[in-house]
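Peer 1: Below you'll find the structure I mean.
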Amino acid sequence: MPLVKAGVVVLDCAEPDHLAAFYKELLEAEETEATANRVEIRSPDGTRLAFRRDMNATPPSWPRPENSLQAHLEFVVDDLDAAERRVVALGGRPTDAKDPSGPFESRGCADPAGHSFTLRRATPSAPKQG
């Protein structure tokens with residue numbers, strides 16, 4: 001048995017209930033634990049996220065360098081357009097300023113508290129570049 005096991009990704013934020021509700025809807029997850037300062041959810045595929053109250057939390061400023069990206073979440077989706085619309089409907093926002101006229105393999109977004117995450121197409125449809 002391993003000494004350390006993977007646990008849960010915890011995001012600091014001012015309003016854990018509000019942020020948990022966003023991800024609960026986005027991931028079709030269930031709430032598994034809640035206290036005054038922490039809420040944890042689990043998605044149907046077993047992904048666990050928690051949201052911890054920190055009144056001094058400031059979101060990363062990515063892509064601006066002053067408080068740049070520290071870490072981000074990546075979610076696999078079948079339909080980028082539909083997933084992005086759902087993010088916006090739930091109070092999140094797109095962060096990529098790409099030309100929306102064609103399909104992209106991934107899109108950057110931010111949750112209502114400003115944490116960045118990526119929506120990535122489940123199966124790449126173009127060869128890797130670079």
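Peer 1: Tell me, yes or no, whether the range 31-44 has at least one residue that is assigned to a helix (DSSP H, G or I) and open to solvent by less than 70 Å² (accessible area, probe 1.4 Å).
Peer 2: No, there is no match, as no residue in the range 31-44 is assigned to a helix (DSSP H, G or I) and open to solvent by less than 70 Å² (accessible area, probe 1.4 Å).
Peer 1: If you don't mind, there's one more thing I want to ask. Give the number of residues within the range 72-88 that are among the β-branched types (Val, Ile, Thr), open to solvent by 40 Å² or more (accessible area, probe 1.4 Å) and modelled with pLDDT of 90 or more.
Peer 2: 1
Peer 1: Right, next: List, please: which pairs have Cβ atoms under 7 Å, are six or more places apart or on different chains, and start with a residue in the range 30-50 that is free of Cβ contacts under 8 Å to residues at least 24 places away in the same chain and end with one that is among the β-branched types (Val, Ile, Thr) and open to solvent by 40 Å² or more (accessible area, probe 1.4 Å)?
Peer 2: ILE41/THR32; ARG42/THR32
Peer 1: When you check PHE51 against the structure, is it surrounded by 12 or more Cβ atoms within 10 Å (Cβ to Cβ), within 17 Å of ALA113 (Cβ to Cβ) and modelled with pLDDT of 90 or more, yes or no?
Peer 2: yes
Peer 1: When the residues of the range 18-29 are narrowed to those that are without any contact (Cβ under 8 Å) to a residue 40 or more places away in the chain and open to solvent by 40 Å² or more (accessible area, probe 1.4 Å), which ends up farthest from LEU80 (Cα to Cα)?
Peer 2: ALA21
Peer 1: Also, quick follow-up: Residue check, GLU15 against (1) closer than 19 Å to PRO112 by Cα; (2) out of contact with any His (no Cβ under 9 Å at 6 or more places or on another chain); (3) open to solvent by 70 Å² or more (accessible area, probe 1.4 Å); (4) at pLDDT below 90, all met but one. Which one?
Peer 2: Result: GLU15 fails condition (4) only.
Peer 1: Among (1) open to solvent by 40 Å² or more (accessible area, probe 1.4 Å); (2) farther than 14 Å from TYR23 by Cβ; (3) modelled with pLDDT under 85, there is one condition GLY102 misses while meeting the rest; what is its number?
Peer 2: (1)
The values are calculated or read from the model by the stated rules, or taken from the named source; none is laboratory data. What you see is a predicted model; the values in this text were computed from it and never measured. Cβ: placed from backbone, ideal geometry, glycine included. Neighbour counts: every protein chain shown. Just the protein is used for accessible areas: all its heavy atoms, side chains included, with ligands, DNA and RNA removed. Shrake-Rupley method; radii C 1.70, N 1.55, O 1.52, S 1.80 Å.
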